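The values are calculated or read from the model by the stated rules, or taken from the named source; none is laboratory data. Note that this is a predicted model, so its numbers are computed, not measured. Positions of Cβ are generated from backbone atoms using ideal geometry, with glycine treated the same way; all protein chains shown enter the neighbour counts. What goes into the accessible areas is simple: the full protein's heavy atoms, side chains included, and nothing from ligands, DNA or RNA. Shrake-Rupley method; radii C 1.70, N 1.55, O 1.52, S 1.80 Å.
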Amino acid sequence: MDSENLRMLAGADNEDPNDIRDLWTATLKDLELQPIPLEDRWPLIWAYELATWKAGERTKGQVLRDAVKYLREVEYEDRDAEEAWHLWYLWDELGSTYDPARTDAEIWADVDSYLKSFD
């Protein structure tokens, strides 16, 4: 498979996410490929999140934010995204009034511990 847009996408830098998004869409159209339905994306998203976190390319905050963002995008319907739900509960606890209250530092330590459990 090859197309001009695919070659441009391969050589693109990550300075402008809009350019990459446009190239990605154009490349899928060129190659007559259908994107993966949103509800089937979680295993791929989670593999990416873990790999980039382990490589030091993403912070635990970015991983947490992306898990929450995913659940919002699928309108909280993906019950098989267990990893995202665990992070959602930790995110929900940040700044909450749960009793007994925990500090943000304690919650972030739990996020870190949870991510390290996948090593």
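Cα axis of helix 104-116 to longest principal axis of the chain: angle in degrees, 0 to 90, nearest 10? So the inclination is approximately 50 degrees.
Using only the heavy atoms of the protein chains and a 1.4 Å probe, how would M8, M1 rank by accessible area, largest first? Walk me through the numbers on the way to the answer.
Details: M8 90, M1 170 Å².
Largest to smallest exposure gives the sequence M1, M8.
Only DSSP H runs of four or more residues enter the estimate; each adds -39500 (n - 2.57), and after division by the residues of the chain the mean residue ellipticity at 222 nm equals -19000 deg cm²/dmol.
Of all the options Y76, Y89, Y98, the one that moves most in a Gaussian network model of the chain with Cα springs shorter than 10 angstrom is Y98. Within the straight-line cut-off of under 18 Å between alpha carbons, the lysines reachable from K54 are K116, sequence neighbours fewer than 8 places apart in one chain being disregarded.
When +1 charges are put on Lys and Arg Cβ atoms and -1 charges on Asp and Glu Cβ atoms, the dipole computed for segment 1-114 relative to its Cα centre reaches about 180 debye. Expressed as a whole percent, the accessible surface of segment 35-101 that belongs to carbon and sulfur atoms is 52, based on a 1.4 Å probe. The stretch between Y89 and W24, if pulled fully straight at 0.36 nm per residue, gains 20.2 nm over its current Cα-Cα span.
What does the highest-first list of 26-37, 43-54 look like by mean Cβ count within 10 Å? Write down the numbers at each step before the final one.
Values: 26-37: 11.7, 43-54: 15.0.
In decreasing order of mean packing, 26-37, 43-54 become 43-54, 26-37.
Axis angle, to the nearest 10 degrees, between helix 82-93 and the longest C-alpha principal axis of the chain: 50 degrees.
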